1. Suppose we keep only residues that are under 11 Å from B:Ala150 (Cα atoms) and surrounded by 15 or more Cβ atoms within 10 Å (Cβ to Cβ) within region B:170-205. Which one would you say is modelled with the lowest pLDDT?
2. Restricting to region A:151-171, and then to whatever is among the β-branched types (Val, Ile, Thr) and not in a loop (DSSP other than H, G, I, E, B), can you tell me which residue is nearest to the other protein chains (Cβ to nearest Cβ)?
3. Are any residues in region B:44-81 away from chain A (no Cβ under 12 Å), surrounded by fewer than 23 Cβ atoms within 10 Å (Cβ to Cβ) and not β-branched (Val, Ile, Thr), and if so, which ones?
4. Any idea which of B:Phe215, B:Phe235 is aromatic (Phe, Trp, Tyr), in a helix (DSSP H, G or I), touching a Phe, Trp or Tyr at 6+ places or on another chain (Cβ under 9 Å) and more than 13 Å from chain A (Cβ to nearest Cβ)?
5. Might you check whether a residue that is of a type outside the set (Ser, Thr, Tyr), in contact with a strand residue (DSSP E or B) (Cβ under 7 Å, 6 or more places away or on another chain), within 14 Å of another protein chain (Cβ to nearest Cβ) and open to solvent by 40 Å² or more (accessible area, probe 1.4 Å) occurs anywhere in region A:54-71?
6. For B:Gly41, state whether it is open to solvent by less than 50 Å² (accessible area, probe 1.4 Å) and at the interface with chain A (Cβ under 10 Å from one of its Cβ atoms).
7. Name the pairs: first residue in region A:172-183 and at pLDDT below 85 and part of a loop (DSSP other than H, G, I, E, B), second residue surrounded by 10 or more Cβ atoms within 10 Å (Cβ to Cβ) and not hydrophobic (A, V, I, L, M, F, W, C), Cβ to Cβ under 7 Å, at least 6 apart or on different chains?
8. Among the residues of region A:56-81, which ones are out of contact with any Gly (no Cβ under 9 Å at 6 or more places or on another chain) and part of a strand (DSSP E or B)?
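The values are calculated or read from the model by the stated rules, or taken from the named source; none is laboratory data. Predicted model, so just to flag it, every value in this text is computed and none were measured. Backbone-built Cβ (ideal geometry, glycine too); neighbour counts: all protein chains shown. Note: areas computed on protein heavy atoms with side chains; ligands, DNA, RNA excluded. Shrake-Rupley method; radii C 1.70, N 1.55, O 1.52, S 1.80 Å.
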Amino acid sequence: MADSFAALIQLLAKLPGLGPRSARRAALFLLKRRESLMQPLAAAMAEAAQRIRACSTCGNLDTADPCAICADPRRDAGLVCVVEDVADLWAIERTGAYAGRYHVLGGTLSALDGIGPEDLGIDALARRGAQGVREIILAMNATVEGQTTAHYIMDRLAALPLQVSRLAHGVPVGGELDYLDEGTLSAALASRQVLKGAG
Amino acid sequence: MQWEDEGIVLAARRHGEAALIVQLLTRGHGRHAGLVRGGQGRKLRPVYEIGNRVAAVWNARLAEHLGILAGELLRGHAARIIEDPARLACLAAAAALAEASLPEREPHPAAYAGLSALLESLDADRGWAVGYVEWELMLLAELGFGLDLARCAASGATTDLVYVSPRSGQAVSAAAGEPYRDKLLRLPAFLLARTAEDAPSPQDVLDGLALTGYFLDRRVFEPHDRDLPAARARFVDLLERLARISREQSL
């Protein structure tokens with residue numbers, strides 16, 4: 001096998017979802033569509049590698065800095081949603097239910113991986129919080145590490161005159177109680193909403 | 001090779017796209033890792049939250065292999081305390097400390113029993129801060145660095161023990177320790193005998209953490225050129241802050 005072909009397969013095999021066999025299939029597929037797919041893909045990847053960078057305000061990935069979300073005047077600058085990763089930002093954007101801005105931490109506090117507060121964008125978030133933000137929504141994963149990070153951020157923001165909220169934990173839409181794990185059910189019970197007061 | 005055992009999840013690290021490498025503290029097999037296929041999936045991920053108790057089955061062709069782990073959730077401790085910053089920090093500290101200090105595949109049933117008791121007290125939200133200090137003290141003993149708190153290192157006295165020698169790890173009485181009080185570690189009374197009447201103060205708990213932290217650092221971590229886990233430092237910081245707030249409110 002030619003060196004360049006082997007190198008292509010080796011690199012493709014590093015992509016999520018691809019092993020050596022599927023990488024070989026993908027390489028053959030690309031070579032058969034050299035002009036219609038392979039060259040445009042290579043050009044798009046080169047351009048993305050050159051132009052896409054992290055937004056210096058929120059950490060989102062975009063070709064512009066500040067990113068399109070931070071630069072959008074229709075978005076509420078007083079509302080900041082803190083997420084672990086850009087993928088989480090995209091997930092919230094897909095809902096179409098949020099019109100504020102974001103702050104991407106780039107991970108969570110993790111003793112195992114040696115990630116401390118200084119490795120995350122928590123200082124930058126505290127600085128943003130002091131600049132006219134009225135609410136920060138902590139949208140971390142409902143895991144021990146995610147919530148440990150959320151509690152840590154809450155402590156860091158305690159002195160600032162702003163509201164700090166977090167996403168609700170509980171029963172997902174379409175979920176049946178019988179099939180839920182006890183943790184989700186416990187969280188749902190703890191965060192239950194009053195529909196009618198006793199009076 | 002196969003075993004079945006009960007274990008507490010100490011850590012779960014992503015491996016590839018779908019799997020997890022999970023560290024358990026098991027009752028009979030000590031700290032043991034294994035690969036959980038599909039562990040990142042929606043169904044399995046909640047099972048392997050830190051602090052959860054699972055019924056584990058470990059399989060491998062050879063004993064020295066990482067092996068495949070399958071688990072069934074017995075008790076979801078993490079979900080019960082995830083809303084409480086202090087209890088969650090306590091859980092994270094205990095798991096990180098066990099993960100970093102206990103040798104792999106060496107049974108430590110007392111460490112397992114101690115961590116189980118701590119998890120129960122976290123669930124019940126009763127006595128967990130004291131329980132955490134006691135667990136660290138027990139962990140020191142399990143690792144071969146137990147403190148001798150029964151009698152005074154200098155006089156042999158068994159009463160009025162209020163200090164611990166940082167050199168020997170032995171208790172020191174108030175009278176014998178007075179000339180060296182600045183160099184000795186404080187020994188909170190709850191580590192000697194606990195009764196329902198004398199509930200330890202937040203400062204007692206912090207003294208206990210300073211005591212166990214000193215010996216964990218000097219005898220367990222420093223010889224390997226490592227620091228105490230950051231999760232423990234965050235837990236101590238949090239308790240210090242809560243103690244400060246409690247002092248300010250009582251003034």
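1. B:Leu191
2. First pass over region A:151-171, keeping only residues among the β-branched types (Val, Ile, Thr): A:153, A:164, A:171.
Add one more test, that the residue is not in a loop (DSSP other than H, G, I, E, B), and what stays is A:153, A:164.
Numbers: A:Ile153: 11, A:Val164: 12 Å.
Only one residue fits best here, namely A:Ile153.
3. Of everything in region B:44-81, those that are away from chain A (no Cβ under 12 Å), surrounded by fewer than 23 Cβ atoms within 10 Å (Cβ to Cβ) and not β-branched (Val, Ile, Thr) turn out to be B:Ala55, B:Asn59, B:Ala60, B:Arg61, B:Leu62, B:Ala63, B:Glu64, B:His65, B:Leu66, B:Gly67, B:Ala70.
4. When all the criteria are applied, what remains is B:Phe215.
5. As a first pass, look at region A:54-71 and keep what is of a type outside the set (Ser, Thr, Tyr): A:54-55, A:58-62, A:64-71.
Add one more test, that the residue is in contact with a strand residue (DSSP E or B) (Cβ under 7 Å, 6 or more places away or on another chain), and what stays is A:54-55, A:58-61, A:65, A:68-70.
Those left that are additionally within 14 Å of another protein chain (Cβ to nearest Cβ): none.
For region A:54-71, residues of a type outside the set (Ser, Thr, Tyr), in contact with a strand residue (DSSP E or B) (Cβ under 7 Å, 6 or more places away or on another chain), within 14 Å of another protein chain (Cβ to nearest Cβ) and open to solvent by 40 Å² or more (accessible area, probe 1.4 Å): absent.
6. So B:Gly41 does not fit the description; no.
7. Final answer for the pair search is A:Asp181/B:Pro46; A:Asp181/B:Gly76.
8. Listed by number, the residues that qualify are A:Leu61, A:Asp62.
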